[in-house]
Structure formats: C-alpha cells, structure tokens
Amino acid sequence: MGAGISYSRVGTMKSNLWNRKHLLSMRDIGRGEILSILETAASFREVNHRDIKKVPTLRGKTIINLFYENSTRTRTSFELAGKRMSADVINMSVASSSVKKGETLIDTLATLQAMNPDVVVVRHSESGAQEFLARNLNAAIINAGDGRHAHPTQALLDILTIHDHLPIMGREDFQGLKVAICGDVLHSRVARSNAQGLATMGAEVRFVGPPTLIPAKVEEAFNVKVYHQMDEGIQGVDVVMMLRLQQERMAKAYIPSIREYFHYWGLTRKRLALAADTAIVMHPGPMNRGVEIASEVADDLERSVILEQVANGLAIRMAVLYRLCTPQSRS
Ligand code: CP
C-alpha cells in the first residue's frame, strides 16, 4: 500500500479540484476535494521514504505554526511537512511569545501577517478562533484544531488511512462502510471532523459512548447513529476509532471512575472480536492506555493502524500546505 495507489476507484478524480484559500473544517469539503487531497498526499508519501527526504516544491514560501494548545503529532508533522518541501518554517512558542504579555489573538496574527507568511497553521482552545482569523486577516489559515469544533487535517489523514485498507476489507469504496467513533465524542473535534468527512465519502458513521459524553441532537447535526452500549455500537463495524478521554476539558464529573469507564467503554481484544474480522483500530493520539484502549489492542499491528495514521498525517499536511501555498495548484 502507499504511493502509487489508485484513487480513481473511489470516485472520479480531478487532481486540481481544490480551490480554497483556507482549510478551516470538513463541513463543506466535497468528495472530489477530499479525493484530490488524497491523491496529492499519495504522491508526497514517496518523498518520505527516500534517502534524501527533501523536495524544492515550496522553496521561498513561509509557514508559521502558532499553537496555543499542546500538540505532538500535528505540530511536528506540519513542521516536517514544510521543511521536507523546502519552505521556511517558523514555530512560534506561545509560552515564550508576547501572548504572555496580554497580546490578543488577532493582534498576534496581524503582527505575524505583517511579515507576509504564505500560511499560518493555528491550534486554539476556542472553537471558531480560526474562522474569525480567516474573516479578518489576509493570510491563508489552516485549522490545526479549535476547541471541540474541528480538526480537518486529522480527518483527512484518517480518511487516507481507511482508504489504504479498503482492499483488505473487500471494499471498492467508502459506500456503506461502517465506522464506529467511540468514547468521549462530546469534547472531540476529531469525532466531528471525521463524521463530516466520512459521511461525505459515503460511510455510515456511529457515535458510541455514554450519554454524558455524546452531544445532544447529534444524529441530525452530523447524520450519525448513536449507541450507548459499546458492544452493540461496534458490532460488525469495519473501523473502530477510539477517542481520548479528554479529562482536561472536563469541569464536572462525566464518568463515575476511570476503572468503570475502561470496564464499559475500553477497547479490549475480547470486545474487538465483535467488530468485523477485517476491522481496523484507529486512535488520533495521544492514547490513554488502560482508559479508552488496552495495550493488547493498541500494539497489535494486525489490527491497529495508529502509527500508519501518524505517517499519513505527514503526507496529508504536505498536500494541504502545497495546495494552500501555491495558488496555481488550486486553479
Ligand atoms: N491527533 C492530534 O491532534 O494529536 P496532537 O494533539 O499530538 O497534535
């Protein structure tokens, strides 16, 4: 699997079908656009396996990474993606910036914009922060996660990872593919962006979790089925996507105890046997072992594609940066 894979089997392709200045959410991204990004990512994947992992594609372009929340995977993969394409990449550490002296988000971005970057990658704890910035500033903005709202590059890398495994599942495309997104859906931007992106691709998405951790009226808003029993929710599914229990966003008690949560909602090998025989296990990371997922499942490379998600994250971010930094690639 990997570079060279044909994307035509999941839909009619137009490799230039991407005409956006910003990437803010998956809400209105069409199937053709998603396929177009997957195709571009597949072509960049090859670069990451070379001896010399560098191409001149974005020479002379400037990318600023501005992360107001912690990140390992997203921040490093955006940095590496830019550097592998020869862009100048600046990582602004909020902890040592003038944000700590009280500078507002928009003043910070306006200051960075005066340096004329091509793209600013932003992670922020407030839902909608990047949409506000995109409306008020000229720089191209990539949403690297905002509150519980959206994480579009995570959804794209997850769709790419699932796409890689369609042949093993005996499937031609995403039509009717059953995906269970399990656990702390309430606080998860990953769940929301994946539900939107996967539904666009034709998958049947389930949200599986305790009533306290599933948002109200979510069926209509996200076109998903809701299950409040883990064993029922993952029955026969092709993909089990586990979510991190985001205890740092919990101001009140949403679960009785970690021990009880793992008992009822943790993914164990025994529980995974309820899914399809060819089902894959995904997790956006960081994982809480023994909370939402057992190590015996997380480390089982026959079923777990968690590290493939990380590798695909790099390729997807290269593709997105390429499309946003080079307007000629979008027309
Ligand atoms: N999946 C994800 O967004 O991970 P990080 O918080 O480490 O970037």
Give the residue from 182, 290, 255 lying farthest towards the positive end of the charge dipole for segment 166-304; charges sit on Cβ (+1 for Lys and Arg, -1 for Asp and Glu) and the dipole is referred to the Cα centre.
-> 255
The chain - convex hull of the alpha-carbon atoms, volume per residue in Å³ = 134 Å³
Using alpha carbons only, what's the Rg to Rh ratio of segment 16-149 with Rh from Kirkwood?
-> 0.97
Residue by residue through segment 306-314, the couplings from Karplus 6.51 cos²θ - 1.76 cosθ + 1.60 with θ = phi - 60°, in Hz, x for Gly and Pro, are 4, 6, 5, 4, 4, 4, 5, x, 5
What is the helix-to-structure angle for 73-84, meaning the angle in degrees between its Cα long axis and the longest Cα principal axis of the chain, kept from 0 to 90 and rounded to the nearest 10?
-> 40 degrees
Kirkwood hydrodynamic radius of segment 166-304, Cα pairs, Å | 15.0 Å
When a footprinting reagent is the concern and you count Cβ atoms within 10 Å, what order do 173, 277, 118 take, fewest first?
-> 277, 173, 118
Proximal lysines relative to residue 53, as straight alpha-carbon distance under 26 Å, when same-chain residues fewer than 8 apart are discounted = 61, 83
Unit Cα scatterers, Debye sum, segment 186-255: log10 I(q)/I(0) for q = 0.17, 0.25, 0.26 Å⁻¹ = -0.63, -1.32, -1.40
Size of electric dipole in segment 166-304: Cβ of Lys, Arg +1 and of Asp, Glu -1, about Cα centre, debye, nearest 20 | 420 debye
Give the relative contact order (percent, whole number) for the chain; include only Cα pairs under 8 Å separated by 6+ residues.
-> 20 percent
Could you list, in their original order, any pairs among 217/252; 178/270; 21/101; 225/270 whose Cα atoms are separated by more than 26 Å?
-> 21/101
For segment 283-289, just list the computed ³J(HN,Hα) in residue order, Karplus coefficients 6.51, -1.76 and 1.60, θ = phi - 60°, integers in Hz, with x standing in for Gly and Pro.
-> 7, x, x, x, 8, 10, 5
Segment 259-331: Cα Rg divided by the 2.2 N^0.38 Å rule of thumb = 1.51
The chain: calculated mean residue ellipticity at 222 nm from DSSP helix runs of at least 4, using -39500 (n - 2.57) | -10000 deg cm²/dmol
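Read the figures in this text as sums done on the coordinates, not as results from a lab. Here the structure is a predicted model, which is why all the values come from computation and not from measurement. We place every Cβ from the backbone using ideal geometry, glycine too, and count neighbours over all the protein chains shown.
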